[in-house]
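The values are calculated or read from the model by the stated rules, or taken from the named source; none is laboratory data. This is a predicted model, so every value here is computed, not measured. Counting neighbours? That spans all protein chains shown, and the Cβs are built from the backbone with ideal geometry, glycine included.
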Amino acid sequence: MKLVRAVSTEFVECAVKSFNPATSAPIDISADVVQVAFTAPGVDPVAGDWQTATWTYPGIAGILVGSGTGGLVLAKGDYDWYVRVMDNPEETVTLVDTLRII
């Protein structure tokens, strides 16, 4: 579980990896579109839930969360945290963790 204070503004980040199934070699996905969604626990994301994220480091997707300038403002509570990597034709969606805003 990732904790973020409601008065804080910080990057929420997760590792995202992709491998060639034939060789097990890592694949560079840094040019792929990455998005995140935060939903009520147990609820799958829908089209309007997805927010643009960035590659903050190679293989690390992140989004700024919080009340400060540019942050995605979320009310206090628990959220299922998803990441989606879009690489034509694939759109891989992964449940990352729980995000708790306190």
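Of all residues in region 26-67, count the ones that are small (G, A, S) and surrounded by 15 or more Cβ atoms within 10 Å (Cβ to Cβ). Spell out the reasoning first.
Quick first cut of region 26-67, residues small (G, A, S) only: 30-31, 37, 40, 42, 47-48, 53, 59, 61-62, 66-67.
In the following step, the residues that additionally are surrounded by 15 or more Cβ atoms within 10 Å (Cβ to Cβ) were identified as 37, 53, 59, 61-62, 66.
Selection size over region 26-67: 6.
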- Task: Hey, can you tell me all the residues within region 12-57 that are of a type in the set (F, W, Y), modelled with pLDDT of 95 or more and more than 14 Å from L74 (Cβ to Cβ)?
- Result: W50, W55
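Would you point out which residue out of T9, T54, T39 is without any contact (Cβ under 8 Å) to a residue 24 or more places away in the chain and either of a type in the set (S, T, Y) or in contact with a strand residue (DSSP E or B) (Cβ under 6 Å, 6 or more places away or on another chain) (or both)?
Numbers: T9 fails: without any contact (Cβ under 8 Å) to a residue 24 or more places away in the chain; T39 fails: without any contact (Cβ under 8 Å) to a residue 24 or more places away in the chain.
Answer to the check: T54.
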- Query: Which of (1) on the phi > 0 side of the Ramachandran plot; (2) under 11 Å from the mean Cα position of the chain (by Cα); (3) not aliphatic (A, V, I, L, M) does T94 not meet, given it meets every other one?
  - Reply: (1)
- Query: Looking at region 36-82, which of its residues are out of contact with any Ser or Thr (no Cβ under 7 Å at 6 or more places or on another chain), of a type in the set (G, A, S) and part of a loop (DSSP other than H, G, I, E, B)?
  - Reply: A40, G42, A53, G59, G70, A75
- Among the residues of region 68-94, write down those that are surrounded by 11 or more Cβ atoms within 10 Å (Cβ to Cβ), over 14 Å from K2 (Cβ atoms) and β-branched (V, I, T). V73, V85, T92, V93, T94
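Within region 9-20, identify whether any single residue is part of a loop (DSSP other than H, G, I, E, B), surrounded by 14 or more Cβ atoms within 10 Å (Cβ to Cβ), touching a Gly at 6+ places or on another chain (Cβ under 7 Å) and β-branched (V, I, T), and answer yes or no. First the steps, then the outcome.
Filtering region 9-20 down to residues part of a loop (DSSP other than H, G, I, E, B) leaves 16-18, 20.
Still in the list and also surrounded by 14 or more Cβ atoms within 10 Å (Cβ to Cβ): 16, 18.
Those left that are additionally touching a Gly at 6+ places or on another chain (Cβ under 7 Å): 16.
Next, from what is left, pick out any that are β-branched (V, I, T): 16.
Checked against the condition, which is being part of a loop (DSSP other than H, G, I, E, B), surrounded by 14 or more Cβ atoms within 10 Å (Cβ to Cβ), touching a Gly at 6+ places or on another chain (Cβ under 7 Å) and β-branched (V, I, T), region 9-20 yields at least one hit.
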